[in-house]
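The values are calculated or read from the model by the stated rules, or taken from the named source; none is laboratory data. Small disclaimer: the values here were computed from a predicted structure and weren't measured. Because the Cβ atoms are built from the backbone with ideal geometry, glycine has one as well, and the counts that use them run over all protein chains shown.
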Amino acid sequence: MAPDHHYSRRWWILGVLCLSLVIIIIDETALNVALPALVRELDATSSELQWAVDSYILVYAALLFPAGNLGDRFGRRAVLLAGLVVFGIGSVGAVVSASPGQLVASRVVMGVGGAMVMPGTLSILAQVFPPRERAFAIGVWSGVSGVGILLGPIVAGWLLEHYWWGSIFLINIPIVIVTLVLGRALLPESRDPAAAPLDPAGSALAVVGLAALLYGVIEWPVYGIRNPRIVAGLVVGAAALVAFVVVELRSEAPMFDVRVLRRPPVAMSTWVITAVFLTLVGSGFALTQYLQLVQGRSPIVTGLLFGPTTIAWSAVAPASPALVRRFGHRNVLVTGLTVTAAGYVALATLGTGRDLALLVTVFAFQGAGMGMATTPVTDLVMGGLPPERSGIASAINDTARQVGGAFGVAILGSVLAAGYRGAYTGPAVGGAGDNLASALGLGDPGIVPMAMDAFVRGFGWVMAISAAIIAVVTVYVALVVDRGAGREAREDGAPIPTEEPDPAAGVSAP
């Protein structure tokens, strides 16, 4: 029998989409490993480190809906390829940055490119794969996204061992070029003929709201929560986001129809994705510094220590659809989230020792837990809206990830900074009162132990709060997801009829 040409082409397309995805995702976490180097080479403060990481994620998150709308309107393939070009330009700027401000500006450009790329990967996937293959393809996509997040520190660590810190961005250039060539040859073009018109007012309000809120959260440890600029940032941010919701509700053709969040599977999945990536990215910001500055591990070893998480995530994510069919959405999600929370509890107990076995075990279990949780909720989001609205469904999923990650770095990074400043009792000389990297740079045996203890105190708070966030979301999932949801297939693979064919059938109303 001749091979199915269309079947084979679909998997080649998935490969190109995953390559586009992984290069965008890697840059969410690659910079974390270079944070100590930025303190040494660019004299960056704690808040500048947070902005260097968050500037990319913030713009990325705020522009995902407009970018998804652009793809639906003008062509998902065209917008994805254009985004790769913008991302490449931003990468070049990051390579040659000579100050924290230049690096932040370059990361903003990279965030614009990433926002243009990300929605296209999932929306093209949903258009190319038929329903019977879609869940597995999404599992592969989810596994690759997890690999990208956790490969970032590994690749960056190796580059930092052999080259200067800017090399972590230089590697993007050849990958972008290869992906552009393959994308032009293989990716199909698709549009939504009923796509909403562009919404510049909504886009501006989203950017202003998220940026102002993040400013207030990131700069809070520096100026204090009662400082007028912090209060103004939080108030302006909240007001802009409320205005965004009002504008979208009143619009006849909103960029983001917030009413879709009334659909139980979409709402539940959005909260789960946000919480998982808030804790994952935020704790990663603290972990990469802990491993290098407290445990004294090299950048490459630090990166490799995330390998067990990568392997476990990539192994479990594609298998989770089968687990859902066997045990149901509720059981799979609760199990995955519980394992993830337990990992954060274990990490909160770490001190200044170097317990390698504990780290490897915890990272592996957390990878399995996150891989088990992310695929079912992604499938619920994509299945919660009609296929012709796949761009918006993809943007909801991606925005939840990025908003979670941005606020993870802002919130947990500020908890780390505030914990350090509150526990540090030594002299505030040479930046020692701001961050551990500066304290270690002084080499003063009277200061270093106090700085180490202060950092560990803040680190413990970061992990404890991460565990609490996941625990709350786990209880929420257990309450709103039906016990038997997700057992959609018989042993022969035929769908089981249900009274309610809507994808919302597996989730009860909150």
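Only one residue in Gly111, Gly139 is closer than 30 Å to Ala368 by Cα, part of a helix (DSSP H, G or I) and modelled with pLDDT under 85, so which one is that?
Residue meeting the stated conditions: Gly139.
Quick one: which helices (runs of 4 or more DSSP H) sit completely within the range 251-343 and have at least 3 residues that are in contact with a helix residue (DSSP H, G or I) (Cβ under 6 Å, 6 or more places away or on another chain) and surrounded by fewer than 24 Cβ atoms within 10 Å (Cβ to Cβ)?
Answer list for the range 251-343: 264-289, 307-316.
If Ser20 passes every condition in (1) under 20 Å from Gln292 (Cβ atoms); (2) modelled with pLDDT of 85 or more; (3) among the hydroxyl-bearing types (Ser, Thr, Tyr) but one, which one does it miss?
(1)
Could you tell me which residue of the range 148-175 is surrounded by the fewest Cβ atoms within 10 Å (Cβ to Cβ), considering only residues that are over 23 Å from Ala406 (Cβ atoms) and of a type in the set (A, V, I, L, M, F, W, C)?
Among those that are over 23 Å from Ala406 (Cβ atoms) and of a type in the set (A, V, I, L, M, F, W, C), it is Trp164.
Which numbered condition trips up Ala206, out of (1) modelled with pLDDT of 90 or more; (2) surrounded by 22 or more Cβ atoms within 10 Å (Cβ to Cβ)?
(1)
Taking the condition buried (at least 20 other Cβ atoms within 10 Å of the Cβ) and closer than 21 Å to Phe65 by Cβ, does Ser145 pass?
The answer is yes for Ser145.
Select from the range 369-401 the residues that are modelled with pLDDT of 80 or more and farther than 14 Å from Gly139 by Cβ and list them in ascending order.
Result: Gly369, Ala400, Arg401.
Go through Glu219, Glu189 for me and flag whichever is in contact (Cβ under 8 Å) with a residue 24 or more places away in the chain, closer than 25 Å to Gly404 by Cβ and acidic (Asp, Glu).
Answer to the selection: Glu219.
For the range 209-226, enumerate the residues that are modelled with pLDDT of 80 or more, surrounded by fewer than 21 Cβ atoms within 10 Å (Cβ to Cβ) and in a helix (DSSP H, G or I).
Answer for the range 209-226, where residues must be modelled with pLDDT of 80 or more, surrounded by fewer than 21 Cβ atoms within 10 Å (Cβ to Cβ) and in a helix (DSSP H, G or I): Ala211, Ala212, Glu219, Tyr223.
If we scan the range 130-142, do we find a residue that is touching a residue at least 12 places away in the same chain (Cβ under 8 Å) and closer than 30 Å to Thr45 by Cβ?
Keep residues of the range 130-142 that are touching a residue at least 12 places away in the same chain (Cβ under 8 Å), which gives 132-142.
Subset that is closer than 30 Å to Thr45 by Cβ: none.
Scanning the range 130-142 turns up no residue that is touching a residue at least 12 places away in the same chain (Cβ under 8 Å) and closer than 30 Å to Thr45 by Cβ.
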